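Shown below is the structure under consideration.
None of the figures in this text is laboratory data; all of them are computed from the coordinates on show. These figures come from a predicted structure and were not determined experimentally. Neighbour counts run over all protein chains shown; Cβ positions are idealised from the backbone, glycine included.
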Amino acid sequence: MPESDDLGLFPVGLVLLPGERAPLHLFEPRYRQLLADCVLDDRPFVMLRSHGDDASPIGCTARFAALGRRFADGRMNVAVDGDQVVRVGTGTTGRMYLSAWVEPVPDDNSHATDEIRTEVLDLFARLVTEVAGSSAPPSVREDVPLSYAIAGMIEMPAEPKQELLECRDEQVRLGVVRDIVKAALQGADRERLAAARARTNGKVALP
């Protein structure tokens, strides 16, 4: 992406991270036109977290990845891939949809210690085993920061995802992701214990 580019904007109630694939349901004509223009010109658009009438100035560029279903009335289910963190600047005109000049927002620190990388990968592998029952190591994309690669595979509310998107320090982001994965593991442990108690009428079975 150049230093500054005029891109279409898609304010929505979710947050897209670099490296994450997300489903979108496009029903408004202006956003169907946005997708058509981006596919035709092989250009990204910017997904922004919306807050009522406002939207966050920091978003993520998205590229069309797959068409899921096209409805008779023109609505579409599509999948997009997150690419790059950007900051939205001055708005532009001349399109059906919102657009603006945007610029990339590079990390201030793109490195993290081996210790925290290993810890996060180990915790995430445990989570995958707990949730999916898989003993195989999880597949993590290497072309995006590890923090985004892991976070993009975890269901979480928009607010912490936006905080990760805006954080420009990989070491700090991995610390946040580590805490999120730990909390998810604790939740899985609680669910497993609750299921065990339900099978024994609330009593813990002795070995």
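So which residue, out of 48, 14, 40, gets the largest mean-square fluctuation from a GNM of the chain using Cα contacts under 10 Å as springs?
40
Once phi is turned into θ = phi - 60°, what whole-Hz ³J(HN,Hα) does the Karplus curve with 6.51, -1.76 and 1.60 give for every residue of segment 49-66, x standing for Gly and Pro?
After applying 6.51 cos²θ - 1.76 cosθ + 1.60, I find 6, 8, 10, x, 8, 10, 9, 5, x, 9, x, 9, 5, 10, 10, 4, 10, 7 Hz.
Further question on the same structure: So how far apart, in nm, are the two label points at residue 140 and residue 182 if each is 7 Å from Cα heading toward Cβ?
1.6
Right, here's the next one. For the chain, modelled as a Gaussian network with Cα springs under 10 Å, which listed residue fluctuates most, 158, 72, 62?
72
Could you check the simple spin-label distance between residue 172 and residue 40, using points 7 Å along Cα→Cβ, in nm with one decimal?
The two pseudo-label positions are separated by 4.2 nm.
Would you mind telling me which residue in 19, 133, 89 has the biggest mean-square fluctuation in a Gaussian network model of the chain, where springs connect alpha carbons within a distance under 10 angstrom?
Its mean-square fluctuation being the largest, the pick is 133.
Kindly write out, for segment 121-133 in residue order, the coupling ³J(HN,Hα) from the Karplus curve 6.51 cos²θ - 1.76 cosθ + 1.60 (θ = phi - 60°), rounded to whole Hz, with x marking Gly and Pro.
5, 5, 5, 5, 4, 4, 5, 4, 5, 5, 7, 9, x
Report the net charge of residues surrounding residue 59, where surrounding means a beta-carbon distance below 9 angstrom and charges are Lys +1, Arg +1, Asp -1, Glu -1. All intermediate terms of the calculation are to be shown ahead of the outcome.
Numbers: positive: 49, 87; negative: none.
That works out to +2.
For residue 75 and residue 110, calculate 0.36 nm times their separation in residues minus their Cα-Cα distance, and state this gained length in nm to one decimal. Don't skip to the answer; put the middle values down first.
Details: separation 35, 0.36 × 35 = 12.60 nm, distance 3.92 nm.
That pair, residue 75 and residue 110, stretches by 8.7 nm at full extension.
Tell me, what ³J(HN,Hα) does each residue in segment 71-79 have, in order and in whole Hz, if you take phi through Karplus 6.51 cos²θ - 1.76 cosθ + 1.60 with θ = phi - 60° and put x for Gly and Pro?
Per residue, the Karplus-derived 3J(HN,Hα) values read 8, 4, 8, x, 5, 9, 9, 10, 10 Hz.
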